[in-house]
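Before any comments, here is the structure.
The numbers here are math on the coordinates, done by the rules we state, and not lab data. This is a predicted model, so every value here is computed, not measured. No Cβ is skipped: glycine too gets one built from the backbone with ideal geometry, and neighbour counts run over all protein chains shown.
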Amino acid sequence: MLPTRRDEIDEAALERLHQHNLGCGIGDRCGIDNRDDTAHLQPINPSFENTWPRW
């Protein structure tokens with residue numbers, strides 16, 4: 001069911017999305033503590049260097 005007002009939250013849908021995110025590798029249950037984008041992207045773009053963004 002869709003909320004009737006913009007400021008209403010469907011708590012059941014929010015919980016389903018949360019459980020989905022936890023189950024697919026986002027959060028504490030997946031065992032992944034960090035990402036290694038460099039190893040994945042260097043075969044595609046050899047000059048790729050993983051740098052932290054400057055805010």
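Some points to look at:
- Working from label points 7 Å from Cα in the Cα-to-Cβ sense, the HIS18 to ASN50 distance is 2.9 nm.
- Linear extension gain, GLU8 paired with LEU41, 0.36 nm per residue minus alpha-carbon span: 7.9 nm
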